[in-house]
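Structure record follows, encoded as structure tokens.
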Amino acid sequence: MFKKVLVDIEAIIHLPVVGWSVEQGARDLEDFLRDHRSRDNYRIDIRRTYENHCEFCGYLEDYDADGYPSCCSAAQLEWEATRTEVLS
């Protein structure tokens, strides 16, 4: 009923801040990326952001207070069918 969708990717760069300012670190990183001569120990992490979207209408996952999907009738029908199977 709801599927996990990648909505954003960001690269997080951890600068070694010992002995100099963050601004200087950013400039050094730019130089490193430009000429590849620097051997500083930069660490780059990739952060992915996922959201659950309805596979029928594409809206962001949303439930009412009773746990009933509130995005579209197709999701509501599938939720009812799944609930009936689980309770049987």
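The values are calculated or read from the model by the stated rules, or taken from the named source; none is laboratory data. Small disclaimer: the values here were computed from a predicted structure and weren't measured. Note that each Cβ is placed from the backbone with ideal geometry, even for glycine, and that neighbours are counted across all protein chains shown.
Observations
- Cβ-Cβ contacts under 6 Å between residues 6 or more apart (or on different chains), taken from a first residue in the stretch 41-56 that is modelled with pLDDT of 90 or more to a second residue that is small (Gly, Ala, Ser) and not in a strand (DSSP E or B), are listed as CYS54/ALA75; PHE56/ALA74; PHE56/ALA75.
- Answer residue from the stretch 43-61, given it is of a type in the set (Asp, Glu) and touching a His at 6+ places or on another chain (Cβ under 9 Å) and is surrounded by the fewest Cβ atoms within 10 Å (Cβ to Cβ) among those: ASP45
- Yes/no for ALA74 being among the small types (Gly, Ala, Ser) and modelled with pLDDT under 90: no
- Within the stretch 63-78, being charged (D, E, K, R) and surrounded by 14 or more Cβ atoms within 10 Å (Cβ to Cβ) holds for one residue alone: GLU78.
- Scanning the stretch 47-77 for residues that are outside any loop (DSSP other than H, G, I, E, B) and closer than 10 Å to PHE2 by Cβ yields a total of 8.
- ASP35 falls short of the stated requirement of being at pLDDT 80 or above, at negative phi and not β-branched (Val, Ile, Thr).
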